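S.K.: Attaching a single structure in structure tokens format; questions to follow.
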Amino acid sequence: MKKPLFTIGYEHATTRAMFDELSDAKVDLVVDVRAVTSSRRPGFSKTQLAAGLDARGIGYIHLRALGTPKEGRLAARAGHRDELFRIFEKHLKTPDARQELDELATLARSGKRLCLLCYERDPEGCHRRRLAELIHERTGAKVEHLFCAPV
């Protein structure tokens with residue numbers, strides 16, 4: 001049986017709520033797919049996040065090239081999902097993104113329980129949904145979207 005591929009967004013959540021959700025799902029490795037890993041939200045910047053996950057026995061890796069380019073993030077903030085996904089599809093054709101997508105597929109085949117992390121709570125408006133679809137196509141992993149209890 002294929003391992004699930006989880007996704008999660010931390011919008012409107014505390015680190016504790018997110019860590020609890022990841023622990024409940026028995027996630028082994030969080031794959032941060034944000035282009036920018038600094039956050040105004042306490043505990044969600046790369047170093048703090050990795051330390052908090054490590055304290056729970058969950059690994060962390062950042063695949064920056066799988067993040068949305070700035071123009072895509074701006075489109076998402078403006079509520080232009082079609083534009084976000086058009087920009088992201090173009091971005092996925094870049095050598096760095098293709099390489100990191102291959103790396104993500106390899107991780108998904110490793111047997112570890114992975115979770116793609118980004119900001120948006122709703123996966124329908126986030127590029128992580130597209131990444132999860134691509135990994136499903138490549139590996140057969142069953143995609144499950146996790147939701148943190150909101151603040």
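The values are calculated or read from the model by the stated rules, or taken from the named source; none is laboratory data. Bear in mind that the values here come from a model prediction, so they are computed numbers and not experimental data. Ideal geometry is used to build each Cβ from the backbone, glycine not excepted, and the neighbour counts take in all protein chains shown. Surface accessibility is based on the protein's heavy atoms, side chains included, excluding ligands, DNA and RNA. Shrake-Rupley method; radii C 1.70, N 1.55, O 1.52, S 1.80 Å.
S.K.: Scan E71, E11, E21 and give me the residue that is free of Cβ contacts under 8 Å to residues at least 24 places away in the same chain and not aromatic (F, W, Y).
M.R.: Going through E71, E11, E21 in turn, just one is free of Cβ contacts under 8 Å to residues at least 24 places away in the same chain and not aromatic (F, W, Y): E71.
S.K.: Separate question: Taking region 89-111 as the region of interest, how many residues are open to solvent by 40 Å² or more (accessible area, probe 1.4 Å), touching a residue at least 40 places away in the same chain (Cβ under 8 Å) and farther than 13 Å from H62 by Cα?
M.R.: Number of matching residues: 1.
S.K.: Within region 116-151, how many residues turn out to be under 18 Å from R86 (Cβ atoms) and open to solvent by 20 Å² or more (accessible area, probe 1.4 Å)?
M.R.: Summing the residues that are under 18 Å from R86 (Cβ atoms) and open to solvent by 20 Å² or more (accessible area, probe 1.4 Å) in region 116-151 gives 6.
S.K.: List pairs: first in region 46-62 and within 17 Å of A13 (Cα to Cα), second open to solvent by less than 80 Å² (accessible area, probe 1.4 Å) and of a type in the set (D, E, K, R), Cβ under 8 Å, 6+ apart or cross-chain?
M.R.: Close Cβ pairs (under 8 Å, with a partner that is open to solvent by less than 80 Å² (accessible area, probe 1.4 Å) and of a type in the set (D, E, K, R)) amount to K46/D32; L49/D32.
S.K.: Answer yes or no as to whether A78 is open to solvent by 20 Å² or more (accessible area, probe 1.4 Å), at pLDDT below 95 and over 30 Å from D20 (Cα atoms).
M.R.: yes
S.K.: On to the next question. In region 24-45, how many are touching a residue at least 12 places away in the same chain (Cβ under 8 Å) and open to solvent by less than 40 Å² (accessible area, probe 1.4 Å)?
M.R.: Residues flagged as touching a residue at least 12 places away in the same chain (Cβ under 8 Å) and open to solvent by less than 40 Å² (accessible area, probe 1.4 Å) within region 24-45 amount to 13.
S.K.: Do you know which residues across region 128-140 are more than 15 Å from the chain's Cα centre (by Cα) and either more than 21 Å from H62 (Cβ to Cβ) or part of a loop (DSSP other than H, G, I, E, B) (or both)?
M.R.: Selection gives E137, G140.
S.K.: Quick one: would you say L5 is open to solvent by less than 20 Å² (accessible area, probe 1.4 Å) and assigned to a helix (DSSP H, G or I)?
M.R.: When the stated conditions are applied, L5 does not pass them.
S.K.: Just for region 59-75: of the residues that are farther than 14 Å from R128 by Cβ and over 15 Å from the mean Cα position of the chain (by Cα), which one is most open to solvent (accessible area, probe 1.4 Å)?
M.R.: The extreme case among them is K70.
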